[in-house]
1. How many of the residues in the range A:117-139 are outside any helix (DSSP H, G or I) and crowded, with 17+ Cβ neighbours inside 10 Å?
2. Considering each of B:172, B:156, B:94, B:144 in turn, give the residue that is closer than 19 Å to residue B:201 by Cα and at pLDDT 85 or above.
3. If I ask for residues that are closer than 22 Å to residue B:228 by Cβ, of a type outside the set (D, E, K, R) and assigned to a loop (DSSP other than H, G, I, E, B), which ones from the range B:257-288 would you list?
4. I need every pair where a residue in the range B:262-277 that is polar (S, T, N, Q) has its Cβ under 6 Å from the Cβ of a residue that is part of a strand (DSSP E or B), sequence separation at least 6 or different chains.
5. Yes or no: the range B:12-20 includes at least one residue that is under 27 Å from residue C:185 (Cα atoms) and under 21 Å from the mean Cα position of the chain (by Cα).
6. Please list, ordered by residue number, the helices (runs of 4 or more DSSP H) wholly in the range A:1-116 having 1 or more residues that are under 30 Å from residue B:12 (Cα atoms) and more than 7 Å from every other protein chain (Cβ to nearest Cβ).
7. So residue C:103 ticks every box in (1) at the interface with chain A (Cβ under 9 Å from one of its Cβ atoms); (2) at pLDDT below 90 but one. Which box is left unticked?
8. When you check residue B:90 against the structure, is it over 25 Å from residue B:216 (Cα atoms) and touching a Gly at 6+ places or on another chain (Cβ under 6 Å), yes or no?
Amino acid sequence: MSSHFALTERRRQAYLFLAPSILLLLLVAAWPLARTFWFSFTDATLSLDDVNWIGFENFKNVLQDSDWWTSVYNTLYFTVISVSLETVFGLGIALLLHNPFMGRSLLRTAVMVPWAIPTVVSAKMWSWMFHDLYGVINDMMMKVGIIETPIAWMADSDLSMLAIIFVDVWKTTPFMTLLLLAGLQSIPMQVYQSAAVDGASAFKTFWKITLPLLKPALVVAVIFRCLDALRIFDLVYVMTSNSRETSTMSVYARENMIDFQDLGYGSAVSVLIFGFIALFTVLYVMGSRVNLVGGSSEKVSN
Amino acid sequence: MAAEVHLQNVSKVYNKTTVVIPGIDLKLPKNELTVFVGPSGCGKSSLLKLIAGLEEVSGGEIFIDGKNVTHEPPSKRGIAMVFQSYALYPHMSVYENMAFALKISKTSPAEIDEKVRNVAQTLKLTKYLDRKPRQLSGGQRQRVAIGRALVRNPEVFLLDEPLSNLDAALRVDMRIEIAKIREHLNATMVYVTHDQVEAMTLADNIVVLRKGHIEQMGPPLEIYSKPLNKFVAGFLGSPSMNFIGFTVGDIIDNNCTLSGPGVVASAKFKIQPGSLKAGEHAFIGIRPEHIDVQKTLDGAELEFKTYAIEHLGDHSLLYGHVGESSCVLKVDPYTTYSVGETLGLKVQKQHYHVFDKDEKNVVDFARS
Amino acid sequence: MKKSLISRIASLIAVIGVSVFSLFPFYWAIVSSLKSPSDLFKVEYWPTHLEWSNYFSIFQEQPFGKNIINSIIVAGSTVILCLFVAVLAAYSLSRVEFKGRSFLLLTILAVSMFPQVAVLSGMFELIRAFGLYNHWGGLTLSYMIFTLPFTIWLLTTFMRQLPRELEQAAMMDGASPWIILTKVFLPLMGPSLVTTGLLAFIAAWNEFLFALTFTLSSDARTVPVAIGLISGASSFESPWGRIMAASVIVTVPLVILVLIFQKNIVSGLTAGAVKE
């Protein structure tokens with residue numbers, strides 16, 4: 001068998017076409033990641049002079065820092081609660097949008113706007129709304145009679161975490177909605193029609209038919225949201241930038257790296273975060289055996 | 001100018017395990033229209049793609065006009081192809097569709113213009129040259145697809161089920177168009193179809209394929225009247241040939257008699273010497289139109305029990321059994337038949353075939 | 001599915017509720033931005049008189065105009081670079097068979113799961129080495145890490161949907177992969193390119209972490225960073241009126257984009273989620 005087929009030429013061109021992307025990704029992803037790993041074993045500072053190897057020293061220090069563990073807890077707390085809420089609300093709105101009705105495009109547009117604006121802007125708008133003295137949230141709650149004196153949302157660490165979760169749910173539910181809506185729309189009508197003929201109630205139909213058929217889309221959506229949530233930075237930084245109690249892992253990493261100029265230490269934190277997320281991904285994918293390459297959705301990080 | 005296409009031990013394997021074509025030797029005579037016909041999965045489209053160069057051979061060589069093109073890209077083989085879905089470039093006008101290949105080969109605009117307009121005129125597409133494919137009807141798109149191929153003046157012209165996307169009436173018209181083009185064209189044509197009517201009407205040569213093997217190759221009427229095996233016999237002709245099972249009786253002087261359920265009085269069937277042994281199981285093959293039907297069993301050879309009747313206007317079809325074998329009869333539309341009726345059959349003596357247990361046709365074609 | 005009157009009313013209420021909930025913050029931001037600093041101290045749901053001073057002071061107190069231009073340059077160049085590179089890669093990944101193709105696709109997908117902090121220090125060093133610190137080029141380059149993967153993935157999905165026979169016809173006509181890509185595929189991919197470009201633009205426009213870390217001076221910043229760092233006279237009181245004005249300025253064009261390209265965005269986000 002000869003080795004100079006005409007179609008090999010095609011393959012050669014294919015590699016050529018791939019080259020720019022691969023090179024770019026190596027440059028901006030593989031290399032910096034490797035460097036971060038390297039830095040984590042050194043005492044590098046932001047000025048990047050006099051870099052010495054110190055082995056696992058950074059890692060030891062990180063694992064002994066209570067602020068680190070606080071940030072881990074915060075991140076997990078944030079992830080679990082916000083993703084759960086977003087999934088439930090997303091599903092609810094998706095069910096609403098599933099059947100055509102008047103005002104459907106209005107709803108869809110309305111729901112996409114929070115997703116499209118910079119997280120920073122959301123953070124600022126809601127920070128203003130949660131303002132203790134002049135915020136509209138306190139005002140409304142007082143008018144309705146839920147509270148008597150204004151709540152200092154941003155001053156209290158528990159409350160500000162709630163506020164952060166609130167904003168994230170507001171901002172990200174649209175994305176979940178769209179994914180789940182697509183999943184709902186791929187369920188053929190006949191399934192529902194035969195359920196109706198069988199006399200199934202709406203609740204039963206939902207529980208026994210819709211939900212199981214939606215499972216693949218749900219699983220994918222939840223994985224991607226969790227991955228995003230574990231990496232959360234923007235919201236937390238902007239809304240509560242100087243609070244230790246609400247910082248998440250990414251905030252903690254950057255703070256050490258840039259604000260405290262301890263590049264080595266911050267890199268060690270980054271490595272831990274990376275490992276965390278990689279582990280999560282592997283476990284989740286293995287556990288749910290989802291086929292990611294064919295027929296799954298992609299997310300847009302924001 | 002036409003070219004001869006020669007496949008030498010060509011094989012194709014997918015995914016290292018699925019053997020679609022085990023090894024084919026084929027010589028397609030130049031200037032003739034050869035039809036590859038066969039059931040789904042027989043490898044006819046794969047074979048076409050190998051000739052076209054759209055897929056690599058797993059083994060063997062391909063020669064076009066004496067030149068070894070096994071490793072050449074499609075555009076360098078002197079071939080052009082019409083695809084099943086026409087594959088016209090949707091964003092280009094008819095003119096641009098037809099000019100595309102010429103532009104790539106850097107032909108001068110003047111020459112391109114001349115060639116395109118010539119072909120357009122032959123195919124009566126001149127007034128559609130500025131239209132886009134979506135503004136054309138199915139038949140017109142077909143012609144553009146053909147035109148796109150013609151413009152390249154190919155030595156070999158490949159057509160991949162070109163009529164299967166058209167409705168029945170249009171198919172008949174286009175079949176005639178293709179036959180007409182065939183007249184003008186000085187090229188070797190290879191035509192793939194699963195429709196045996198197209199095969200019979202258009203081909204100079206038919207290649208019947210099954211599971212990557214050539215079952216038989218020859219002119220249509222020869223394949224129709226002299227099938228080499230049961231598969232080929234049953235593939236061409238509609239309604240297809242009847243196969244009636246029987247047990248071989250005495251064989252005297254290469255004439256065998258048959259016995260079994262449904263046999264009333266056996267006629268003699270001339271077979272090739274030594275092909276059958278008494279007591280063996282075999283089949284008579286006889287086309288519906290070659291059976292004489294009578295209302296009584298007197299003088300009949302086979303007994304037929306009707307279970308369904310279809311009236312088609314110019315003839316009727318009777319479905320029933322002879323013994324344990326199902327059988328279809330073609331009768332005139334004016335005689336009345338009824339379901340459950342028993343009829344007597346006589347096999348026309350110039351048209352029967354005898355198939356042995358390996359499905360090979362062992363009839364002596366010099367019968368009667 | 002039967003729709004009783006009650007369920008329809010409930011749906012309507014839910015729809016209105018959700019819409020209001022989604023859009024109220026913007027309303028409030030607009031209202032707040034049109035109040036004078038003293039008026040901010042009262043909570044008024046409907047403004048009594050409008051004052052535009054915030055919108056002017058935004059541009060005076062900091063180089064907000066320059067920030068907007070920076071964002072446009074960064075997002076625009078990101079989209080251009082990204083689309084160009086991704087279109088080429090998508091062709092190979094969607095139309096040419098080669099060993100390791102699905103593995104490559106998975107790896108590219110995996111890159112999009114990197115936490116941005118994980119590459120922060122390495123990227124910081126890289127950008128400084130290229131002399132791109134505090135320059136928009138540094139951002140365009142670093143943004144590739146999160147725009148390229150999903151852009152490649154999305155364009156590959158879209159390109160896979162183009163008919164095989166179209167490409168085969170072009171091959172028979174003698175077209176090289178470059179010609180097939182540019183003369184046959186791309187003209188048919190208008191909407192896909194718009195969708196992908198739009199999603200990349202929004203992602204780049206909204207990015208915060210890299211923009212915060214890789215720029216220093218206020219006139220090199222992009223809009224999200226500028227808004228994030230708006231500070232007032234004292235360290236405790238933020239100039240909320242100005243912040244809201246800046247937010248509105250940034251939000252309006254994005255809302256318009258979303259309105260116009262709604263369908264594109266939805267199709268892009270859910271590409272592949274529905275069975276092809």
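1. Selection size over the range A:117-139: 5.
2. Just one listed residue meets the conditions, B:172.
3. B:272, B:273, B:274, B:275, B:276
4. Note: pairs meeting the criteria are B:266/B:257; B:266/B:258.
5. Looking through the range B:12-20, none of the residues is under 27 Å from residue C:185 (Cα atoms) and under 21 Å from the mean Cα position of the chain (by Cα).
6. So the answer is A:6-25.
7. (1)
8. Here the answer is no, as residue B:90 does not meet what is asked.
The values are calculated or read from the model by the stated rules, or taken from the named source; none is laboratory data. Since this is a predicted model, take the numbers as computed values, not measurements. Using ideal geometry, Cβ is built from the backbone for each residue, glycine included, and neighbour counts are taken over all protein chains shown.
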